[in-house]
Amino acid sequence: MQVRRAQLDELELPLVEPFETSFGVEKRRRLLLLTLRGQSGEEGVGECVAARDPLYSSESVATARWMLQEYLLPPLLRDRVATPADFVDRTRALKGHSMAKAAAEMALWDLYAREHGRSLSAMLGGRRRRVEVGVSVGIQPSVDALVRRVGSYLEDGYHRVKLKVRPGWDLEPVRAVRRAYPDLRLWVDANQAYPPSAAGSIARWASRFEVEQVEQPFAEHAIEAHRQLNRGGRFRVCLDESIVDRASLDDALERSALSSLNVKPGRVGGLTVSRDLAGAAKSSRVPAWVGGMLETGVGRAHGVALASIDSFSFPADLSASRRYYLSEIIDRPFELGPASTLEVPRGPGIGVELVERAVARARRRRRTFRSSDY
């Protein structure tokens with residue numbers, strides 16, 4: 001592939017409602033959208049999941065923009081790349097900045113698939129026509145509001161619900177949701193909010209209220225604490241932020257620190273890395289699933305294609321487009337279908353197209369790079 005032009009858009013979109021986690025509250029999402037044009041004239045698009053502020057991770061919109069402009073786009077425009085995996089190999093020496101790398105790698109995957117006239121799902125080896133999904137529910141103003149919100153998602157057709165929890169917002173919310181919906185497939189996600197000393201308390205309420213899995217309760221480097229929680233529990237311990245590459249996953253697997261794996265392609269460096277992580281987890285009989293990070297339809301399309309691979313066996317955190325955004329920037333918003341599923345696009349690349357008017361309305365800045373500049 002020869003990339004002739006790169007267009008970097010910074011967008012801002014309002015969320016349907018504030019989304020609160022242990023890291024804070026998001027009301028509007030600031031994001032980067034990268035469009036790559038190849039020699040054939042085809043275009044591929046990728047979305048950077050870095051947030052406005054470096055709270056969830058050390059990356060932010062500003063650091064990702066800088067990394068793309070200074071280190072990732074110049075060689076991509078100057079040199080040919082054989083495949084997206086080739087790009088991953090070439091950028092391996094650049095430490096960190098996985099979210100910026102993922103935006104470029106995923107745009108390359110879309111371009112690569114379009115130039116071959118195949119869907120991204122097929123190029124990745126996916127075989128599913130529909131992927132099972134669940135919904136993530138942020139911290140609500142009250143327990144009653146949470147119960148009502150969960151009920152509305154069940155009415156929409158979701159079969160699996162994940163609650164955001166933190167110290168002080170765990171026992172009562174989980175108890176209330178379980179009592180209201182005794183047959184619900186229930187997960188919780190703490191985003192590293194608890195100290196290891198809280199392990200006993202977490203184990204008690206998670207077991208008592210039949211929580212299927214507890215995601216990332218402790219800090220990303222607290223592998224031993226996760227291992228202890230994972231010993232003989234009646235629920236799965238899922239790792240997310242702790243897994244940044246294959247080495248960190250291999251270490252966690254060897255130490256039996258997880259019994260479920262959340263793979264967010266935009267966080268770990270893209271689709272190539274994600275596919276490798278899921279394959280390694282499957283070989284160790286640890287189920288993997290595709291996580292989400294408030295993506296627009298662009299990132300959602302990449303995630304759905306990834307979730308169509310057999311290595312992913314648990315419901316993805318992708319949801320329908322209207323879960324997060326009132327208006328989409330793609331021409332075919334994702335809609336929840338039968339059995340809590342999303343359809344896997346079968347068209348070339350990610351199978352959806354940008355709506356330029358919607359992108360223009362949300363745009364806050366744009367910069368264009370050309371191969372002739374290098």
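Going by the conditions given, is Ala288 under 26 Å from Glu343 (Cβ atoms), of a type outside the set (Phe, Trp, Tyr) and crowded, with 20+ Cβ neighbours inside 10 Å? Full working, then the answer.
Values: under 26 Å from Glu343 (Cβ atoms): yes; of a type outside the set (Phe, Trp, Tyr): yes; crowded, with 20+ Cβ neighbours inside 10 Å: yes.
Yes, satisfied.
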Note down all Cβ pairs under 6 Å where the first residue falls in segment 45-69 and is surrounded by fewer than 23 Cβ atoms within 10 Å (Cβ to Cβ) and of a type in the set (Ser, Thr, Tyr), the second is modelled with pLDDT of 95 or more and not in a helix (DSSP H, G or I), and they're at least six residues apart or on different chains. Ser60/Ala50
Got a sec? Which of Glu132, Glu155 is closer than 17 Å to Ser319 by Cβ, free of Cβ contacts under 8 Å to residues at least 12 places away in the same chain and assigned by TED's automatic domain parsing to the domain that holds Arg323? Glu155
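Per-residue answers, yes or no, for (1) more than 25 Å from Gln7 (Cα to Cα); (2) of a type in the set (Asp, Glu):
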| residue | (1), (2) |
| --- | --- |
| Ser319 | yes, no |
| Ser327 | no, no |
| Ile330 | no, no |
| Pro333 | no, no |
| Glu343 | yes, yes |
| Ala360 | no, no |
| Ser371 | no, no |
Answer yes or no: is there a residue in segment 324-339 that is within 14 Å of Glu132 (Cα to Cα), within 21 Å of the chain's Cα centre (by Cα), surrounded by fewer than 20 Cβ atoms within 10 Å (Cβ to Cβ) and charged (D, E, K, R). yes
Report the residue count in segment 12-22 for those that are over 24 Å from Gln216 (Cβ atoms) and over 18 Å from the mean Cα position of the chain (by Cα). 3
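With respect to Ala203, determine if the residue is aliphatic (A, V, I, L, M), in contact (Cβ under 8 Å) with a residue 24 or more places away in the chain, part of a loop (DSSP other than H, G, I, E, B) and over 15 Å from Asp317 (Cα atoms).
On the way: aliphatic (A, V, I, L, M): yes; in contact (Cβ under 8 Å) with a residue 24 or more places away in the chain: yes; part of a loop (DSSP other than H, G, I, E, B): no; over 15 Å from Asp317 (Cα atoms): yes.
So Ala203 fails the test.
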Filter segment 158-170 for residues that are in contact (Cβ under 8 Å) with a residue 24 or more places away in the chain and closer than 19 Å to Phe23 by Cα and give the result. Lys162, Leu163, Lys164, Val165, Arg166, Pro167, Trp169, Asp170
Being at pLDDT 95 or above, aliphatic (A, V, I, L, M) and more than 18 Å from Ser259 (Cβ to Cβ) is true for just one of Ala176, Ala225. Which residue is that? Ala176
Could you please give the count of residues in segment 1-40 that are acidic (Asp, Glu) and at pLDDT 95 or above? 3
Any residue in segment 27-44 that's within 20 Å of Leu111 (Cα to Cα): show its pairings with residues that are of a type in the set (S, T, N, Q) and assigned to a strand (DSSP E or B) at Cβ separation under 9 Å, as long as the two are six or more apart or on different chains. Leu33/Gln7; Leu34/Gln7; Thr35/Gln7; Leu36/Gln7; Arg37/Gln7; Glu43/Gln7; Glu43/Thr35; Gly44/Thr35
(1) part of a strand (DSSP E or B); (2) surrounded by 15 or more Cβ atoms within 10 Å (Cβ to Cβ); (3) under 22 Å from the mean Cα position of the chain (by Cα) all hold for Val25 apart from (2)
Checked against (1) in a helix (DSSP H, G or I); (2) over 22 Å from the mean Cα position of the chain (by Cα); (3) touching a residue at least 40 places away in the same chain (Cβ under 8 Å), Ala104 satisfies every condition except (2)
Taking the stated definitions as given, is Met67 in a helix (DSSP H, G or I), aliphatic (A, V, I, L, M) and under 21 Å from Leu13 (Cα atoms)? no
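What are the residues in segment 228-258 that are of a type outside the set (A, V, I, L, M, F, W, C), surrounded by 20 or more Cβ atoms within 10 Å (Cβ to Cβ) and not in a helix (DSSP H, G or I), if any?
The initial filter retains those residues of segment 228-258 that are of a type outside the set (A, V, I, L, M, F, W, C), namely 228, 230-234, 236, 240-242, 245-246, 248, 250-251, 254-256.
Checking the rest, the ones that are also surrounded by 20 or more Cβ atoms within 10 Å (Cβ to Cβ) come to 230, 236, 240, 242.
Arg236, Asp240, Ser242, listed by residue number.
The values are calculated or read from the model by the stated rules, or taken from the named source; none is laboratory data. Everything numeric in this text was worked out from a predicted model, so none of it was measured. No Cβ is skipped: glycine too gets one built from the backbone with ideal geometry, and neighbour counts run over all protein chains shown.
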